[in-house]
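The values are calculated or read from the model by the stated rules, or taken from the named source; none is laboratory data. Note that this is a predicted model, so its numbers are computed, not measured. Heads up, the Cβs are rebuilt from the backbone with ideal geometry, glycines too, and the neighbour counts pull from every protein chain shown. Remember, those area values only see protein heavy atoms, side chains included, never the ligands or the DNA or RNA. Shrake-Rupley method; radii C 1.70, N 1.55, O 1.52, S 1.80 Å.
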Amino acid sequence: MATSPCSSSGVSSSSSSGLGADAGLEIRTRSVEQTLVPLVSQITTLINHKDKPKRSDKTLQAIQRVGQAVNLAVGRFVTVGEAIANENHELKEEMSVACIEARRAGETIAKLTDVTSLDHPESDSHITIFTDKTGVVKAARLLLSSVTKVLVLADRIVIKQIITSRNKVLATMEQLEKVSSFQEFVQIFSQFGNEMVEFAHLTGDRQNDLKDEKKKARMAASRAVLEKCTMMLLTASKTCLRHPDCESARINKDGVFHRMRLALEQVIEIVTDSRPNGDNEIAPISIYSGIKEFKNKVEGLRENLYFLSKENLSTMLEVILEHTEDFTDSAYTSHEHREHILELSKQAKMELEQLVSVWMQAQNQKTKDVMEDLQVATLKTCQCMNELKREVHSAATSLAADMLKYHTDHMVLKALNITGVEGNLEAVAEYTCKLSEQKEQLVEMCRLLRHVSGTEPLEITCIHAEDTFQVTGPQIISAAETLALHPSSKIAKENLEVFCEAWESQLSDMSMLLREINDVFEGRRGEKRVYLSLPRPGKHNANLKALKPVKLDTEEQAKIAKLGLELHLLTSGVDSETEKWEDQENEIVQHGQGMSSMAYSMYLFTRGEGLLKTTQDLFHQAEIFATEGTKLASALHAFSDQVHDDDKPLLLLEAEKLISMCRQLQITAKASVQGKSATFTKVDACILKTRNVMTLLCQLLPLCCKLLRKNKAGNGCLKPAPPWREDKIRTGANAHTPERRAETFGIKSLENHVTNMTFLESK
């Protein structure tokens, strides 16, 4: 077992302790990292104790209790690890070795902290934490290393679940591709829908657990593709079954299946951290990231004149200026922006030449005048790069704003629907050419926006948008050609509408993305990302007819605008409260942020924006919001067990209120309604009840934060964590159902046991 400290573990520890996890184990998820934090804290407390000549009985007893507590908790933790090993034979050998090492290290720590007999002469030869600090460090390092390995191995089981789920989806997709009758298709698609829901939940949990923001963004993009393609696959397959000899229908269907397979493959690449054939994906460098790195290097010259060569700096600027050609060569960049970018590019070269000249001079003679000249040259170079950054941002965002405004009427899509129903092949061909031109414009817009997106997740979102336009454009064309060839076909018409809606949805998403990019540029916190989840498919009848989703008209949107605005203000209030918490990983904070994000997406719905396009989307979101609220109430109950008796009744009362409100919201969201008036009433009720929950949340968060602060101030507000119960292991070991096993064996169960290692704090 490696004993050198490992930065990749993501686990912080005191430098004086010399602790580190196995150098070969990289922790990629928050759940594993957060599970290790209390153990690291407790071990560090032991190792960094003040080695005073005189030790009070209280100190000795405290050290012994900590050592024994760690040993007991490790023993229970190992029991769970061994149960996982027995359930997963492919990991049994590795898991067993790690468990043995953890148990041995826990026992060693218990022996070394057995210090209560130190005052007795007969114990002079007894090796303890005071006489063998190196031994404690070794045991602690071995313990962290082995516990980390057990957690990472358990995490592999989660990855295996996702891979197994993906394989089921792929197998069912193959059956759907080959099906030749409607009846058979209905049965298989129903199974496919259930498998997609399972895959969506597994990948959604994984997305939230990932530490890497780029991977999170890529996962969100892949899941969004799968979400939209599920409905496309339904209508495209139905069209192909209805018109089996139609080439354009086959091309349309094949495109959907191909895109879904790519998205499924990308999800697996993200969760396994691998790429086919061992290739590493090298994302193109954006102008923003290039300028940021260049400025850091230039400003670094103030501290160190020799840390890089002038050739390196010149090469970095050349790369940035090459990327500006994407703007100057674009047919959609205005003449004014093009001229300004060219002028600033020329100026940047001149400023760098001046900087290099003064820099070389400063290396030879560090006089006051030369160093002042270097300071001035550095400032002028950075200022020029800032102006270039501002200019490309203005060029990209003004182009995007103009394009989105111009295409907001969807005239080409409407014309394709009309001419397709008329069977006018010539007119369809004319409008498909116009759609291809529109697609090229939007793709170019996405490429330019990527350069100025400001953050890596937003860059990935721009790349995803570009891919969506590239793929959806030809799919709309093949769907329109199919309708033109079969103008009386209802399913061909429905299929074209589904692809057109996907196009419109992506344009709507671009408006949100543009606002986020502007927020980042102006130094504001970007608008929160709305909650993405695959809708739960309903039961499919023989004709595969679902409830037709309803959109609110302008008058209805106006009526709920006030409620929506109140909801928006409450989400801002909740965000402000969650930002006050020092521990952003706290379960209460996490649930609060999730609920705020979902409430924000519901607010966007009241404006006719965002990812919730129909009333059915809103009702589904309200259900998920209520579920998240119930989870928060459970977290509050758990928190109340640690709160002093004086504060407990108020907290429990608020938690019960929350449960009641969420239950009412779920009942409303699930209620069946018919007719436009009844649907609008249900929308109004869902948003009203969501607003009430958010109002309560605004009161709950500061209350919980206050109780935590009271504890930190030393008022003894929190009690010690309740003892771990032995029957948890027995329950886990005897659980055989898939649902129970998923609950019992994995990171969560291990997390519970490691958390109980925090029995005592440093005295």
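Among the residues of the range 571-591, is any farther than 22 Å from ALA655 by Cβ and among the β-branched types (Val, Ile, Thr)? No, that holds for no residue. Of all residues in the range 424-452, those satisfying the criterion of being over 17 Å from PRO474 (Cβ atoms) and in contact with a Leu (Cβ under 8 Å, 6 or more places away or on another chain) are LEU425, MET445, LEU448, LEU449. For the range 178-216, the tally of residues that are β-branched (Val, Ile, Thr) and more than 22 Å from GLN161 (Cα to Cα) stands at 2. For beta carbons closer than 8 Å, sequence separation of 6+ or different chains, a first residue in the range 399-417 that is within 19 Å of SER330 (Cα to Cα) and modelled with pLDDT of 90 or more and a second that is open to solvent by 30 Å² or more (accessible area, probe 1.4 Å) and assigned to a helix (DSSP H, G or I), the qualifying pairs are MET403/GLN441; LEU404/SER511. Counting just the residues of the range 138-154 that are under 24 Å from the mean Cα position of the chain (by Cα) and of a type in the set (A, V, I, L, M, F, W, C), which one comes out most open to solvent (accessible area, probe 1.4 Å)? In this case the residue turns out to be VAL152.
Going residue by residue through the range 271-278, is there one that turns out to be assigned to a helix (DSSP H, G or I), open to solvent by less than 20 Å² (accessible area, probe 1.4 Å) and modelled with pLDDT under 95? Even if it seems obvious, please write down each step before you answer.
Step one: filter the range 271-278 for residues assigned to a helix (DSSP H, G or I), giving 271-272, 276-278.
Those left that are additionally open to solvent by less than 20 Å² (accessible area, probe 1.4 Å): 271.
From what's left, modelled with pLDDT under 95: 271.
Yes - at least one qualifying residue is present in the range 271-278.
Of the residues making up the range 431-474, those that are open to solvent by less than 50 Å² (accessible area, probe 1.4 Å), charged (D, E, K, R) and without any contact (Cβ under 8 Å) to a residue 40 or more places away in the chain are LYS439, GLU466. Inside the range 598-632, can you point out the residues that are assigned to a helix (DSSP H, G or I), of a type outside the set (A, V, I, L, M, F, W, C), open to solvent by 20 Å² or more (accessible area, probe 1.4 Å) and out of contact with any His (no Cβ under 8 Å at 6 or more places or on another chain)? GLN616, ASP617, HIS620, GLU623, THR627, THR630, listed by residue number.
If you filter the range 225-249 down to residues that are farther than 16 Å from MET173 by Cβ and open to solvent by 20 Å² or more (accessible area, probe 1.4 Å), you find that the one that is farthest from the chain's Cα centre (by Cα) is ASP245.
I'm trying to understand the selection: among the residues of the range 366-416, which are under 29 Å from GLU440 (Cα atoms), of a type in the set (Lys, Arg) and exposed (fewer than 15 other Cβ atoms within 10 Å of the Cβ)? The answer is ARG390, LYS405, LYS414. Any residue in the range 155-169 that is open to solvent by 70 Å² or more (accessible area, probe 1.4 Å), farther than 25 Å from VAL80 by Cα and within 31 Å of the chain's Cα centre (by Cα)? There is at least one residue in the range 155-169 that is open to solvent by 70 Å² or more (accessible area, probe 1.4 Å), farther than 25 Å from VAL80 by Cα and within 31 Å of the chain's Cα centre (by Cα).
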